[in-house]
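Below: one structure, written as structure tokens.
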Amino acid sequence: MAQITNTIRRLRFDAGEMTQKDLAARAGVTRQTINALEAGKYSPTLDLAFRIARVFGKPLEEVFQYDE
Amino acid sequence: MSFTERSTIAELVTSLAVIALFTWVIVTRQAEGAFAGPEGLQIWARQILWMIPVGIGVGIGVSVLLALAYHVTLREAFDGLVDERDRIIVLFGWKVTAITISTGFVAALAALAWGVTPLLALNLMLASFAAGDLAGNAARLWRYRRGY
């Protein structure tokens, strides 16, 4: 089964240990949504995926991966 | 805990309070024989019609009190942020509510077809609305607790 994984936790670490709260505020979502994303419990819409990638200044595929 | 998750808990508590109030009024009036006789259904309908705004008023009051209690206790204001995950969870809650109400409606119709009184069938429909509201909020809370 295909699964969407992400590197948000590592990217936050690389960005000076950015907090989930900071990322949530910059992406326009709740901290709980960022937590659910990192835990792999929730797959974002394309809109949110692009917004998160933009926060880190990375292309989408560096933040989210589609594992078959 | 997000704004909408806290709201869900507040709505669940409010629903329980309003349902308890409705049940108490209907059971008391039923015991008094208020709904007996040819005009019983009309009296029941009038009773429910005035109870609906009362229920809404109680709901608003409880929600405001809970919001204030949360603010005072945790010194954190409601930010009001609702994101895509919240909206999906809320939609799931609505789905559960709709299924519960539909099932209750059909059950009430079946009961009526089987020969129960129209008053009991109407009470069953009312109960299905209450159960639908509770089930929807409980389903939302369950989704929030498990993360999605």
query: Hey, in the GNM for chain A with a 10 angstrom Cα cutoff, which one of A:27, A:53, A:39 fluctuates hardest?
result: A:39
- prompt: With contacts defined as alpha carbon pairs under 8 Å and 6 or more residues apart, what's the relative contact order of chain B in percent?
  reply: 34
message: Just to confirm the filter: which GluC sites (Glu not before Pro) across the range B:1-56 are DSSP coil and have at most 13 other Cβ within 10 angstrom of their Cβ?
response: B:32, B:39
message: Please report the spacing between the Cα centers of the range B:102-140 and the range A:15-48 in Å, no decimals.
response: 41
query: If the cut-off is a Cα-Cα distance under 16 Å, which aspartates and glutamates reach residue A:41, setting aside same-chain residues fewer than 8 apart in sequence?
result: A:67, B:83, B:84, B:86
query: In what order do B:41, B:68 fall by count of nearby beta-carbon atoms within 10 Å, going from fewest to most?
result: B:68, B:41
field: Sequence of A:56, A:50 once ranked by neighbouring C-beta atoms within 10 Å, starting from the fewest
entry: A:50, A:56
query: Using the count of nearby Cβ atoms within 10 Å as a rough guide to exposure, how do B:4, B:103, A:45 rank from fewest to most?
result: A:45, B:103, B:4
field: Inter-chain shielding of A:31-41 (mean C-beta neighbours from other protein chains, 10 Å cut-off)
entry: 4
query: Remind me, relative contact order of the range B:61-148 in percent, using alpha carbon pairs under 8 angstrom and six or more residues apart?
result: 35
field: Crossing angle, helix B:84-113 versus chain B [Cα axis fit, 0-90 degrees, rounded to tens]
entry: 10
- line: Expressed as a whole-number percentage, the relative contact order of chain A with C-alpha contacts under 8 angstrom and at least six residues apart is 48
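No value in this document is a laboratory result; all are computed from the given coordinates. No experiment lies behind these values; they were computed from the predicted model shown. As a convention, Cβ positions derive from the backbone with ideal geometry for all residues, glycine included, and neighbour counts pool all protein chains shown.
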